[in-house]
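Here the structure comes first, spelled out in structure tokens, and everything after it is commentary.
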Ligand SMILES: NC(=O)c1ccc[n+]([C@@H]2O[C@H](COP(=O)([O-])OP(=O)(O)OC[C@H]3O[C@@H](n4cnc5c(N)ncnc54)[C@H](O)[C@@H]3O)[C@@H](O)[C@H]2O)c1
């Protein structure tokens with residue numbers, strides 16, 4: 001009786017997506033030139049990393065071709081040899097196209113990127129993946145090299161906008177010494193876990209190789225805490241972390257306790273009723289984790305609220321409430337966990353939920369956007385200190401995610417909000433959850449201080 | 001082998017006023033939800049416990065296996081056995097004693113004790129005459145016999161028997177009984193109202209400081225006890241007219257517990273079981289005692305049995321009444337608590353009725369019902385014991401090791417259950 005409503009029932013079915021993918025609908029929308037949002041490929045435990053073969057190309061004398069090939073082979077991916085623009089019409093569709101651009105020296109070398117990508121993209125299957133690997137422009141030897149590296153960002157982001165059928169394009173920057181942390185991120189961007197992550201740039205940091213992980217249960221034996229887990233995105237995060245093997249401590253306001261207990265029982269975790277803004281909340285969370293679990297491996301700061309008003313009409317209560325939940329509590333809880341001797345175990349992972357509004361700003365959300373931008377600042381500032389402990393801290397910034405909250409929005413606002421992105425649809429809570437769970441994996445050790453948007457390459461703040 | 005059973009924690013749903021938030025919830029719904037909240041708090045999904053023991057005072061006949069059915073509907077392993085108990089308002093505490101005793105004897109390692117009651121979904125009994133006719137119809141073998149039996153139907157038989165809050169042998173309601181005792185012990189109106197106000201204030205303060213965050217799980221939209229009036233004060237209560245004890249009675253709706261709906265559950269275990277699961281031990285159930293009075297012929301107060309049980313329990317444990325850090329005296333009525341305290345202080349009563357040369361003496365009122373009690377929270381009969389055991393155990397744990405608490409619960413039929421907890 002305390003079971004929460006299953007996620008599928010909450011999601012207002014995307015009638016438009018379903019219609020355009022039906023026989024009549026497909027013909028009609030094609031004639032009218034209307035967008036045709038695809039049914040995205042999402043992760044299913046046990047399924048192969050890619051539903052088809054991959055192709056790996058290079059621009060310049062790169063250094064990642066071999067490690068990349070090894071990662072793909074390990075994951076059981078079949079590799080096709082690259083085709084040239086005029087050849088190779090054997091017609092086999094590729095599920096992923098990877099470009100090693102670490103060898104770029106000048107903008108002239110970019111022509112090779114074009115030569116490889118153009119024919120390869122023509123053969124890209126629905127929900128295909130384009131992943132470009134390069135080195136950070138900031139570490140370039142000279143301005144020409146920096147220009148060439150930076151140019152890739154424009155190339156990848158535009159490619160992402162041109163792709164159809166649920167395909168995505170992302171850029172992974174791999175500085176010298178960060179090769180050891182390549183496997184996890186590459187697998188994420190190819191997998192269905194990154195279904196709604198599009199047009200993103202993630203920079204790895206130098207990190208030692210990990211012991212590897214069971215990709216079906218990468219979090220086995222880990223203890224995770226998720227705040228705001230009684231419903232919406234937080235409940236989805238709890239489900240995915242549990243699916244990946246973690247014991248999940250779900251936290252939410254005491255008043256949300258009935259739904260929270262339902263989530264805890266569903267995922268075989270434990271419920272902790274706690275207002276994260278209470279003065280003794282850090283102490284209580286630390287005490288609970290110490291007594292019941294002896295420590296914690298994954299902390300997900302997901303609880304968040306909105307109290308929208310134009311800045312000129314905003315009262316102090318609205319401002320303060322949003323700041324307290326969305327930013328101050330994340331700071332206070334994280335500090336307490338770091339201060340508690342040995343509580344955050346080696347390899348610890350902190351994931352903070354920010355928002356697209358914190359990047360692009362949003363009318364009526366000065367308080368919310370400020371708090372969510374603040375989260376990004378916090379994550380970047382804390383990253384080095386966490387790295388010293390072998391831990392990481394990252395932010396996830398969701399775009400338009402279909403939840404109970406958005407289901408209640410007026411039809412027009414919801415329709416527009418969900419379409420203005422390259423995938424032409426809203427994301428699902430599970431999409432945010434998959435990205436959080438990826439950042440929590442042992443093999444994400446090289447991802448630190450990053451902000452990963454889960455927005456289908458939203459047009460806002462891009 | 002004996003050992004003391006540990007109290008690991010508890011869970012209850014907020015108590016609702018009769019006919020309100022839980023009007024459509026059955027005893028089984030409420031008990032199942034309460035068990036599931038406990039499961040979620042302590043990660044007991046699919047766990048097989050030694051036993052679940054619970055009960056309800058007002059129970060439908062179809063609920064003959066109420067606790068077992070609730071277990072089957074919960075997230076606990078279906079292999080967890082269960083049984084029902086009933087000792088009126090003592091049900092919840094008695095259930096805890098039963099589970100604790102089995103743990104103490106090493107017969108089980110873990111168990112849940114609980115209780116539930118609804119006055120909103122109470123069973124209606126068919127009027128006795130009608131019941132006889134219907135039974136005759138059912139046992140008739142021929143059409144003629146059946147018609148003959150049906151001919152016995154009369155309009156008056158259709159009126160159902162509503163469950164009454166009355167003692168079968170005296171016909172007096174519990175409130176009327178309490179009013180007699182209040183008069184006997186000269187319990188004044190003002191002190192009753194003060195006790196009620198303290199109950200509301202203490203309960204509200206406990207909610208505000210988050211004390212119930214890990215003791216209560218919201219249910220059907222209710223997040224706090226519906227009867228709680230944080231702004232209750234003596235002036236407001238003084239304006240209420242008496243409901244028991246006639247026109248010059250001192251007992252009002254403000255200083256008597258309202259009819260309520262709710263459920264509670266307590267997780268008990270051996271220390272080893274708790275340690276193996278990294279679960280806390282809040283306190284141990286040290287000892288317990290029941291007693292009964294003869295309220296029918298003996299001229300004794302219906303709700304005064306705990307007064308008799310307590311000295312027996314104290315003597316067995318070599319304790320005085322003052323050796324406690326906290327006292328939980330169930331507030332059936334404010335006057336019941338006050339009469340209990342007065343009786344323990346009364347040399348003549350202690351000598352003649354309890355056989356004590358020296359009276360038990362006074363209780364430090366600052367240690368009494370410090371987190372509120374039934375006047376504020378409400379009193380779904382069988383759920384009160386679990387509410388008190390879990391909250392007292394937590395209070396003792398917060399106060400530190402070696403702290404002691406006394407629980408006293410009076411019950412219909414002239415019975416009482418008392419127990420000692422120690423952190
Ligand atoms: N839904 C979207 O489109 C979207 C977009 C961008 C960012 N986000 C962010 O994602 C997160 C989850 O959003 P959602 O859509 O699931 O929202 P939601 O309102 O459905 O869930 C938020 C949860 O946080 C809990 N919470 C609020 N205050 C709390 C406190 N003081 N202590 C403990 N728990 C508290 C709430 O009770 C609720 O269960 C939020 O941080 C939100 O800002 C959501």
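Values quoted throughout were computed directly from the atomic coordinates according to the rules given, and no laboratory measurement underlies them. Note that the structure is a prediction, hence the values are computed from the model and not measured. Every residue, glycine as well, gets a Cβ built from its backbone with ideal geometry; the counts of neighbours run over all protein chains shown.
Per-residue Cβ neighbour counts within 10 Å put A:453, B:229 in the sequence B:229, A:453, beginning with the fewest. Just to confirm the number: angle between the C-alpha axis of helix A:366-388 and the first principal axis of chain A, 0 to 90 degrees, nearest 10? Taking Cα atoms only, the helix is inclined about 80 degrees.
Comparing B:142, B:91, B:170 in a Gaussian network model of chain B, where Cα atoms under 10 Å apart are tied by springs, the biggest mean-square fluctuation is seen for B:142. Taking the number of Cβ atoms within 10 Å of each Cβ as an exposure proxy, the fewest-first ranking of B:397, B:379, B:330 is B:397, B:379, B:330. Relative to the first principal axis of the alpha-carbon coordinates of chain A, what is the inclination of helix A:281-293, with its axis defined by its Cα atoms, in degrees from 0 to 90 and to the nearest 10? The angle comes out near 80 degrees.
Placing a label point 7 Å from the Cα of residue A:61 along the Cα-to-Cβ line, the residues of region A:139-164 whose backbone N sits under 17 Å from it are A:141-142, A:145. Spatially, region A:438-456 and region A:310-381 are offset by 17 Å when compared through their Cα centroids. Note on residue B:366 and residue B:20: with the Förster distance fixed at 35 Å, the Cβ-Cβ geometry gives a FRET efficiency of about 0.60.
Taking chain B as a Gaussian network of alpha-carbon nodes connected by springs under 10 Å, the highest mean-square fluctuation of the residues B:33, B:288, B:275 belongs to B:275. Is region A:54-203 rounded, prolate or oblate when judged by the Cα gyration tensor, a ≥ b ≥ c being the square roots of its eigenvalues, rounded requiring a/c under 1.5 and prolate requiring a/b larger than b/c? Rounded is the answer for region A:54-203, as its axis ratio a/c remains below 1.5. Does region B:285-423 classify as rounded, prolate or oblate by the C-alpha gyration tensor (a ≥ b ≥ c root eigenvalues; a/c under 1.5 gives rounded; else a/b over b/c gives prolate, otherwise oblate)? It comes out oblate by the Cα gyration axes. Extending 7 Å from Cα along the Cβ direction at residue A:310 and again at residue A:111 yields two label points whose distance is 5.5 nm.
Panel order for A:110, B:58, by other beta carbons found within 10 Å of each beta carbon, from fewest to most: A:110, B:58. Reducing region A:259-278 and region A:109-144 to their Cα centroids gives an inter-centroid distance of 44 Å. Model label points for residue B:186 and residue A:336, set 7 angstrom from Cα along the Cα-to-Cβ axis, are 5.3 nm apart. Kindly identify chain A as rounded, prolate or oblate by the Cα gyration tensor criterion: order the square roots of the eigenvalues as a ≥ b ≥ c, call it rounded if a/c is under 1.5, otherwise compare a/b with b/c, prolate if a/b is larger, else oblate. Since a/c reaches 1.5 and a/b is larger than b/c, the shape of chain A is classed as prolate. Each residue, residue B:247 and residue A:69, gets one label point 7 Å from its Cα in the Cβ direction; the gap between the two is 10.6 nm. Can you give me the angle between helix A:110-122 and the longest principal axis of chain A, using Cα atoms only, in degrees from 0 to 90, rounded to the nearest 10? Approximately 80 degrees, to the nearest 10.
Run the paramagnetic zone check for residue A:150: 7 angstrom along Cα to Cβ, then residues of region A:424-453 with backbone nitrogen under 16 Å. Correct set: none at all.
Taking B:267, B:35, B:105 as the candidate residues, the one with maximal mean-square fluctuation in a Gaussian network model of chain B, Cα springs under 10 Å, is B:105.
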